[in-house]
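Enquirer: Questions regarding the structure given below will be posed in turn.
The values are calculated or read from the model by the stated rules, or taken from the named source; none is laboratory data. What you see is a predicted model; the values in this text were computed from it and never measured. Counting neighbours? That spans all protein chains shown, and the Cβs are built from the backbone with ideal geometry, glycine included. These area figures cover heavy atoms from the full protein model, side chains too; ligands, DNA and RNA do not enter into them. Shrake-Rupley method; radii C 1.70, N 1.55, O 1.52, S 1.80 Å.
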Amino acid sequence: MAVLTFNEATCKGCRLCIDACPKDILTLDTSRVNAKGYNPVLCNDITACTACAICARVCPDAVIKVEKEVAA
């Protein structure tokens with residue numbers, strides 16, 4: 001399973017990660033805004049994430065950190 005971490009304070013809601021995600025599991029959280037006035041990105045189905053990290057690579061502001069969860 002993947003672990004996605006978002007630095008929501010620096011997210012500008014540009015949607016590049018949303019458009020790039022092959023699993024279509026990222027969206028903007030329209031219920032809130034960050035300190036910069038943007039809707040931050042969120043993952044709506046972490047179980048579908050394959051940790052491909054395409055979202056993190058296309059993000060111009062390094063908002064997304066992708067890790068693979070290591071089994072204990």
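Enquirer: Would you mind working out the magnitude of the charge dipole of the chain relative to its Cα centre, with +1 at each Lys and Arg C-beta and -1 at each Asp and Glu C-beta, to the nearest 20 Debye?
Expert: Details: 8 positive and 8 negative charges, 36 e Å.
The calculated dipole for the chain is roughly 180 debye.
Enquirer: With a 1.4 Å probe and all protein chains left in place, how much accessible area per residue does the chain have, in Å²?
Expert: Details: 4480 Å² over 72 residues.
Averaged over the residues of the chain, the accessible area is 62 Å².
Enquirer: Which GluC sites (Glu not before Pro) in the chain sit in a loop by DSSP (not H, G, I, E or B) and have at most 15 other Cβ atoms within 10 Å of their own Cβ?
Expert: Working: sites: GLU8, GLU67, GLU69; in loops: GLU69.
Here the sparse-neighbourhood loop sites are GLU69.
Enquirer: Taking P(r) over Cα pairs in 10 Å bins from 0, in percent as the quantity of interest, determine which of (i) 23, 54, 20, 3; (ii) 21, 60, 18, 1; (iii) 20, 47, 27, 5 was computed from the displayed structure.
Expert: (i)
Enquirer: Sum -39500 (n - 2.57) across every DSSP H segment of at least 4 residues in the chain, then divide by the residue count to get the 222 nm mean residue ellipticity, nearest 500.
Expert: On the way: 2 runs with 10 residues, N = 72.
It lands at -2500 deg cm²/dmol.
Enquirer: In addition: At a 4.7 angstrom Cβ threshold, list every cysteine in the chain that has nobody to pair with, or say none.
Expert: By the Cβ distance rule, which asks for a partner under 4.7 Å, the isolated cysteines are CYS11, CYS14, CYS21, CYS43, CYS49, CYS52, CYS59.
Enquirer: Which ³J(HN,Hα) values in Hz, rounded to whole numbers, follow from the phi angles of the range 9-16 under the Karplus curve 6.51 cos²θ - 1.76 cosθ + 1.60, where θ = phi - 60° and Gly and Pro get x?
Expert: Listing the rounded values in order: 5, 9, 5, 9, x, 6, 6, 4 Hz.
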